[in-house]
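Let me begin by presenting the structure, written as structure tokens, before commenting on it.
The values are calculated or read from the model by the stated rules, or taken from the named source; none is laboratory data. Remember, it's a predicted structure, so these values are computed and weren't measured experimentally. As a convention, Cβ positions derive from the backbone with ideal geometry for all residues, glycine included, and neighbour counts pool all protein chains shown. Side chains included, ligands, DNA and RNA excluded: accessible areas come from the protein's heavy atoms. Shrake-Rupley method; radii C 1.70, N 1.55, O 1.52, S 1.80 Å.
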Amino acid sequence: MPRRSARTAAPVRYQVQVDDLHAHLFRVTLTIAQPQAEQHVALPVWIPGSYLVREFSRHLQQLQARQGRRTLTPVQLDKCRWQIACDPQQPLALSYRVYAFDASVRTAWLDAARGFFNGTSLCLRVEGQEDAPHELELLPAGSPADWRVATGLPALQVDRRGFGRYQASDYDELVDCPFEFGAFWQGRFKAGGAEHEFVVAGAPPSFDGARLLADAQRICDTAIRFWHAGGRSGGRAGKPPFPRYVFLLNATDDGYGGLEHRNSTALACARRDLPRLGSKPGEGYTTLLGLISHEYFHTWNVKRLRPADFTRYDYTRENYTGLLWFFEGYTSYYDDLLLRRAGLLDDATYLRLLNKSINQLQQTPGRLLQSVAQASFDAWVKYYRADENTPNATVSYYGKGALVALCMDLTLRAEGPHTLDDVMRGLWQRCQAGPMREDDLLAVLQELSGRSWARELRRWVHGTGELPLQELLERHGVSVQEEPAQLAQRLGLRVSETGGTVQIKTVLRGGAAEQAGLAAGDECLGVEVGSGMARSSWRLRKLDDLLLYAGEQPRVQVLVARDQRLLQLKLTVPRAATTWRLALRDKLPLARWLAP
Ligand SMILES: [Zn+2]
């Protein structure tokens, strides 16, 4: 994207305030001190970290332009871009409203309970002035009296509650610092000498904030030691590449998600997954800690060390990279591993989580069609636009990418003194915490291990063959056993079972369900078993009930509803399908692997 540098350092100024809580509208005023005669402004079509064109401009309304008392007419150029003809000698003021009612971490939210926004949803980009300083003033008008503000953006002049002026060095920083405001829970801790702030919106009265803070601190200390401790030689941990970090967590009934930023992260979780006073946290809390660990690791791996394709974001279109298997996959490998190292998981739980990701990969026929490098490039139209065919057409660069990291780590550990930790730190040094290419990874691997890794990358990253997981795990104290698969997996199906109906979500490529002619969307109503006088028909409320009626009979008739027609389909139930079960065989090699 061509880009003219700013004529002077006059900041681009935004004023943001609540327009109407109940209409979910923000009001934004943008002042351009030194506009161009034909000034262009545009809203991003995507937010970095979430690889989908979302066209945030669909929620922008009532754009008006003024110079002094003169009203100007913005001309819309395309779905997200406007042109304003104006006097370049005078400041240009634009005002507009933005509808904000998406509870995800990617856009904006406003109601009587809280406000949240990313700059990509609210702040028009002033073309030609992206590199000038940007100022955002959050006005308290319209917000309830008990609301406070949290953001990673440095404050310039704010009141006790955090309302006031914030400054970014450029547009990229402005839109990389989401804002949360409301009557949230707030706590603080220090890790690696940096101030960390943790904000939780929507927490129930039973919320155990002290527990969450203590566990988050352990995660942050472990991650900072990982990146800055200098490996097995020990030594003092260095400082993280930020003086202050902010976690913005929003708890809702069934939320889940996270988005990484340079010195903050926006997180969403289910309220029941928060730790509670006086009770032992469950599996959901482990998932939340994994999310915290994942997004925090991204502060190094993708926000600083990042694909060379992301050296400069283009906010007007898709930004392709073939490296998401590294940036998302390796981050996924380390999110749980660092929980283990921080003492927040035991070995058995760690192996159970790993077991789950291996079985997920093996139940994805798309792994035989697309490599993880292709899946990365295609993220914009495949992974982020998942449908009933996604498991047949692509592979998760998170899931398989994490297992590629596992294979690389276990191979390095089997061959010599180095580990994947050394590779990550080597890349951080080599690329000076900036843009990287796949060649940089190959170079660091070569340097550390004294041999080429081109063959592994060709097979594991650019190929569609199976990963050598079993052999590597067994070398490191983990035995791999096979156990009978669940019925849905044996049939090659993914179903949802709600309110006593069994509905087919996905028919997996090459499975028994596909051969029988079952299709996504079908409702499985019943099953007929036996023949002649012994024939009987049964209603199905759960898929597994099929075994209750069919027993060991391999051939049954299933009755399904599709487009209001009833169909009888011949289904053969395969016996042989199995899944993996990982078990701890030898504590010592496992302990060595899980250690730094
Ligand atoms: Zn991620």
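Might you check whether a residue that is within 31 Å of the chain's Cα centre (by Cα), open to solvent by 30 Å² or more (accessible area, probe 1.4 Å), away from the ligand (no atom under 16 Å from the Cβ) and touching a residue at least 40 places away in the same chain (Cβ under 8 Å) occurs anywhere in the stretch 61-71? No, the stretch 61-71 contains no residue that is within 31 Å of the chain's Cα centre (by Cα), open to solvent by 30 Å² or more (accessible area, probe 1.4 Å), away from the ligand (no atom under 16 Å from the Cβ) and touching a residue at least 40 places away in the same chain (Cβ under 8 Å). State yes or no: is residue 78 among the acidic types (Asp, Glu) and under 30 Å from residue 398 (Cα atoms)? Criteria not met by residue 78. Selection of strands (runs of 3 or more DSSP E) fully inside the stretch 109-196 by the criterion of at least 1 residues being closer than 14 Å to residue 13 by Cβ and within 25 Å of the chain's Cα centre (by Cα) returns 164-168. Which pairs turn up if I take residues in the stretch 330-346 that are without any contact (Cβ under 8 Å) to a residue 60 or more places away in the chain and look for partners that are away from the ligand (no atom under 14 Å from the Cβ) and not in a loop (DSSP other than H, G, I, E, B) with beta carbon separation below 7 Å, at least 6 apart in sequence or on another chain? If the second residue must be away from the ligand (no atom under 14 Å from the Cβ) and not in a loop (DSSP other than H, G, I, E, B), the pairs left are 336/350; 336/353; 345/286; 345/339.
Scanning the stretch 555-594 for residues that are under 29 Å from residue 356 (Cβ atoms) and surrounded by 11 or more Cβ atoms within 10 Å (Cβ to Cβ) yields a total of 21.
The set of residues from the stretch 205-223 being outside any helix (DSSP H, G or I) and open to solvent by less than 50 Å² (accessible area, probe 1.4 Å) comprises 206, 207, 208. Here is the figure for the stretch 298-332: residues that are away from the ligand (no atom under 11 Å from the Cβ), open to solvent by less than 10 Å² (accessible area, probe 1.4 Å) and aromatic (Phe, Trp, Tyr) total 5. State yes or no: is residue 373 within 16 Å of the ligand (Cβ to nearest atom) and either β-branched (Val, Ile, Thr) or crowded, with 20+ Cβ neighbours inside 10 Å (or both)? No. Identify all residues within the stretch 72-96 that are open to solvent by less than 60 Å² (accessible area, probe 1.4 Å) and in contact with a Ser or Thr (Cβ under 6 Å, 6 or more places away or on another chain); write none if there are none. Passing the criteria: 80, 93, 95.
Those helices (runs of 4 or more DSSP H) of the stretch 425-498 in which at least 3 residues are open to solvent by 50 Å² or more (accessible area, probe 1.4 Å), considering only elements entirely within it, cover 438-449, 469-475. Do we find that residue 15 is without any contact (Cβ under 8 Å) to a residue 40 or more places away in the chain, away from the ligand (no atom under 16 Å from the Cβ) and open to solvent by 10 Å² or more (accessible area, probe 1.4 Å) in this structure? The answer is no for residue 15. Is one or more of the residues making up the stretch 289-301 at pLDDT below 95 and either basic (Lys, Arg) or closer than 30 Å to residue 492 by Cβ (or both)? No: the stretch 289-301 contains no residue that is at pLDDT below 95 and either basic (Lys, Arg) or closer than 30 Å to residue 492 by Cβ (or both).
Only one of the numbered conditions (1) under 32 Å from the mean Cα position of the chain (by Cα); (2) more than 30 Å from residue 397 (Cα to Cα) is not met by residue 102, and that is (2). Number of residues in the stretch 499-509 that are open to solvent by 30 Å² or more (accessible area, probe 1.4 Å) and either under 30 Å from the mean Cα position of the chain (by Cα) or among the acidic types (Asp, Glu) (or both): the value is 3.
Quick check: anything in the stretch 273-283 within 12 Å of the ligand (Cβ to nearest atom) and modelled with pLDDT of 95 or more? Within the stretch 273-283, none of the residues are within 12 Å of the ligand (Cβ to nearest atom) and modelled with pLDDT of 95 or more. Scanning the stretch 384-402 for residues that are within 16 Å of the ligand (Cβ to nearest atom) and part of a helix (DSSP H, G or I), we see that the one that is surrounded by the fewest Cβ atoms within 10 Å (Cβ to Cβ) is 384.
For residue 163, the stated conditions do not hold, so it cannot be described as out of contact with any His (no Cβ under 9 Å at 6 or more places or on another chain) and touching a residue at least 60 places away in the same chain (Cβ under 8 Å).
Considering 172, 159, which residue is of a type outside the set (A, V, I, L, M, F, W, C) and under 27 Å from residue 144 (Cα atoms)? Among 172, 159, only 159 is of a type outside the set (A, V, I, L, M, F, W, C) and under 27 Å from residue 144 (Cα atoms).
Is one or more of the residues making up the stretch 395-406 closer than 24 Å to residue 300 by Cα and touching a strand residue (DSSP E or B) at 6+ places or on another chain (Cβ under 8 Å)? Among the residues of the stretch 395-406, not one is closer than 24 Å to residue 300 by Cα and touching a strand residue (DSSP E or B) at 6+ places or on another chain (Cβ under 8 Å), which makes the answer no.
The single condition among (1) more than 16 Å from the ligand (Cβ to nearest atom); (2) in contact with a Gly (Cβ under 8 Å, 6 or more places away or on another chain) that residue 336 does not meet is (1). Of the residues examined, residue 413 is not one that is surrounded by fewer than 16 Cβ atoms within 10 Å (Cβ to Cβ) and part of a helix (DSSP H, G or I).
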